[in-house]
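Every number here is computed from the coordinates shown, using simple stated rules; none is lab data. As the structure is a prediction and not an experimental result, all values here were calculated from the model. For neighbour counting, all protein chains shown are included, and Cβ atoms are generated from backbone atoms with ideal geometry for every residue, glycine included.
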């Protein structure tokens, strides 16, 4: 059983949170769970970037006005650090593949900094102990 669901503010995540809320628990919307902001890359073909570099924590390349990966990871880290202070036993988090990459970095370390293939697939579940 879960205590609460915390969701990204995007419509599809809120929709998913409502679908999986079988216990009719509180759903909290948290802006820090937004996907990495692509900025001026929004709506553009994936061919305009090197995806390996875009998801490389140590990359020096800035793609347009996209959110810097370190700032993005810090935003998610702030969320997880804050979650540690709450009195929850079990939390369901509904977010995005990029957020799951930041979760991976938080729980497993940054290591080589390559996160392209470390996110979750659609509807994939991962359990972490905070």
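Taking only the range 89-119 into account, find how many residues are farther than 26 Å from residue 52 by Cβ and exposed (fewer than 14 other Cβ atoms within 10 Å of the Cβ).
So the count comes out to 2.
Could you figure out which of (1) touching a residue at least 24 places away in the same chain (Cβ under 8 Å); (2) loosely packed, with under 13 Cβ neighbours inside 10 Å; (3) farther than 20 Å from residue 4 by Cβ; (4) under 13 Å from the mean Cα position of the chain (by Cα) isn't true of residue 71?
Here residue 71 meets the rest and fails (1).
List pairs: first in the range 111-130 and over 26 Å from residue 19 (Cβ atoms), second not in a loop (DSSP other than H, G, I, E, B), Cβ under 6 Å, 6+ apart or cross-chain?
113/56; 114/56; 115/101; 116/51; 116/52
Can you name the number of the only condition in (1) more than 14 Å from residue 118 (Cβ to Cβ); (2) free of Cβ contacts under 8 Å to residues at least 60 places away in the same chain that residue 105 fails?
Condition (1) is where residue 105 drops out.
Let me confirm something: among 58, 63, which residue is touching a helix residue (DSSP H, G or I) at 6+ places or on another chain (Cβ under 7 Å) and at negative phi?
63
Regarding the range 45-54, can at least one residue be identified that is within 25 Å of residue 91 (Cβ to Cβ) and either in contact with a strand residue (DSSP E or B) (Cβ under 8 Å, 6 or more places away or on another chain) or surrounded by 14 or more Cβ atoms within 10 Å (Cβ to Cβ) (or both)?
No, the range 45-54 contains no residue that is within 25 Å of residue 91 (Cβ to Cβ) and either in contact with a strand residue (DSSP E or B) (Cβ under 8 Å, 6 or more places away or on another chain) or surrounded by 14 or more Cβ atoms within 10 Å (Cβ to Cβ) (or both).
Provide a single number: the residues in the range 79-106 that are assigned to a helix (DSSP H, G or I), touching a helix residue (DSSP H, G or I) at 6+ places or on another chain (Cβ under 6 Å) and closer than 21 Å to residue 13 by Cα.
Within the range 79-106, residues that are assigned to a helix (DSSP H, G or I), touching a helix residue (DSSP H, G or I) at 6+ places or on another chain (Cβ under 6 Å) and closer than 21 Å to residue 13 by Cα number 4.
Exactly one of (1) more than 15 Å from residue 101 (Cα to Cα); (2) in contact (Cβ under 8 Å) with a residue 40 or more places away in the chain; (3) in a loop (DSSP other than H, G, I, E, B) is unmet by residue 35. Its number?
With respect to (1) more than 15 Å from residue 101 (Cα to Cα); (2) in contact (Cβ under 8 Å) with a residue 40 or more places away in the chain; (3) in a loop (DSSP other than H, G, I, E, B), residue 35 is out only on (1).
Do we have residue 65 as farther than 17 Å from residue 2 by Cβ, surrounded by fewer than 16 Cβ atoms within 10 Å (Cβ to Cβ), more than 13 Å from the chain's Cα centre (by Cα) and without any contact (Cβ under 8 Å) to a residue 12 or more places away in the chain here?
So residue 65 fails the test.
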